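The values are calculated or read from the model by the stated rules, or taken from the named source; none is laboratory data. All figures in this text were calculated on a predicted structure; none of them were measured in a lab. All Cβ positions, glycine included, derive from the backbone under ideal geometry; neighbour counts span all protein chains shown. Ligands, DNA and RNA are excluded from the accessible area calculation, which covers all protein heavy atoms including side chains. Shrake-Rupley method; radii C 1.70, N 1.55, O 1.52, S 1.80 Å.
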Amino acid sequence: MSETPTSAPHPIFTPTAISPERLDDVTVGREDIIGRVADRVRDAARSGARRHTLLVGARGSGKTHTLAVAVHRALADPDVGGSVVVAWIPEDSLSIGSYRDLLVEAARSFGPSWATRAQSLRRAKDTAGLERLLEEYAGDRALVLVVENLDRVFQGLRAEEAGALRGFVETSGRVLVLASTPLLFSGVTSRKEPWYGSFDVEHL
């Protein structure tokens, strides 16, 4: 006796499980936002301009998809791809409870050997060493730090740690932050917070 077709569960669409090329092929709409974000990555590579961007949209609205396609299109440019490295902190990174954790998660995206070095530095509580590790990997290239669910990440950071991230981004001069959040939150809207006014906000 055969099973009925309706008994099979529907697969969950997960953009991070699909290649950026395939995501681009199936992308319909949002060309304006994708184009703006891609241009900001290109500008970071070519001129050092850093227009940090925050995508705001409900869960399932396509934030990860939009970021993945925009970064893919920017890196596809021959004069950009070799001038940019990407540290992607996905939405399921639940272990971020401090600024050092955030830096370790960024290093993890570079590969196992970099993750091992980062974990050793975290155990030593060497925050400056973690920052230098990211700069070492980037070299003279722009570092695009993609942080999904920035609201959740900032919940794990004390105000001074969010300020430390801001200080690293500004002092380095080579870090572009692309982030997403389901809703705007006080960490980016309050005048008392170090990231106030730092993002170009794009609503999906």
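What residue, among those in region 120-134 that are without any contact (Cβ under 8 Å) to a residue 12 or more places away in the chain and not in a helix (DSSP H, G or I), is nearest to LEU102 (Cα to Cα)? Once the filter is applied, the top-ranked residue is ASP126. Does ALA87 satisfy the condition of being touching a strand residue (DSSP E or B) at 6+ places or on another chain (Cβ under 9 Å) and in contact (Cβ under 8 Å) with a residue 12 or more places away in the chain? Answer is yes for this residue.
Yes/no matrix, rows are residues, columns are (1) within 13 Å of the chain's Cα centre (by Cα); (2) open to solvent by less than 60 Å² (accessible area, probe 1.4 Å); (3) in contact (Cβ under 8 Å) with a residue 12 or more places away in the chain:
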| residue | (1), (2), (3) |
| --- | --- |
| GLU136 | no, no, no |
| ALA142 | no, yes, yes |
| GLU148 | yes, yes, yes |
| ASP151 | yes, yes, yes |
| LEU157 | no, yes, yes |
| LEU165 | no, yes, yes |
| GLY173 | no, yes, yes |
| VAL177 | yes, yes, yes |
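Residue count for region 179-192 satisfying the condition of being in contact (Cβ under 8 Å) with a residue 24 or more places away in the chain and open to solvent by less than 60 Å² (accessible area, probe 1.4 Å): 7. For ALA128, the conditions (1) out of contact with any helix residue (DSSP H, G or I) (no Cβ under 6 Å at 6 or more places or on another chain); (2) modelled with pLDDT of 95 or more; (3) open to solvent by 60 Å² or more (accessible area, probe 1.4 Å) all hold with the exception of (3). In region 164-204, what residues are under 29 Å from SER83 (Cα atoms), of a type outside the set (Asp, Glu), out of contact with any Leu (no Cβ under 9 Å at 6 or more places or on another chain) and in a helix (DSSP H, G or I)? Selection gives ARG166, GLY167, THR171.
Taken over region 88-119, residues that are open to solvent by 60 Å² or more (accessible area, probe 1.4 Å) and either polar (S, T, N, Q) or assigned to a loop (DSSP other than H, G, I, E, B) (or both) amount to 6.
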